[in-house]
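Quick notes on the structure that follows.
Where a number appears in this text, it was derived from the coordinates with a stated rule and is not lab data. Being a predicted model, the structure only gives us computed values, none of them experimental. Because the Cβ atoms are built from the backbone with ideal geometry, glycine has one as well, and the counts that use them run over all protein chains shown.
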Amino acid sequence: MNETVWLRCPVCGNKTRLKVRHDTELINFPLYCPKCKQETLINVKKTNLSVIKANTHIQKENIEL
Ligand SMILES: [Zn+2]
C-alpha cells in the first residue's frame, strides 16, 4: 500500500504541501503552513501528527517564497 495523506496544519486545519505515507516518520519536523504562514514543530508516525511546539512568532528570515 502506497497510500499517502496530506498533512494538515495543526493551527488552522488547512492542508499543507506535505504528504506522508503510512510508514513515514518525521521527528522534530518544522511543518510550514502556506495559509497561516506559521511553522509548527511536529512528529509524524503512521500518519498521526503530534505537535511538539507551536511557534507564535514568524521567523521572517526563513520565509522567502
Ligand atoms: Zn495553518
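Miscellaneous remarks
- In order through region 35-46: 3J(HN,Hα) via Karplus (6.51 cos²θ - 1.76 cosθ + 1.60), integer Hz, x for Gly, Pro: 7, 9, 6, 10, 10, 10, 7, 9, 10, 10, 9, 6
- Taking other residues whose beta carbon is less than 11 angstrom from the beta carbon of E25, and scoring Lys, Arg as +1 and Asp, Glu as -1, yields +2.
- Net charge contributed by nearby residues that have their C-beta within less than 12 Å of C9 (K/R +1, D/E -1): +4
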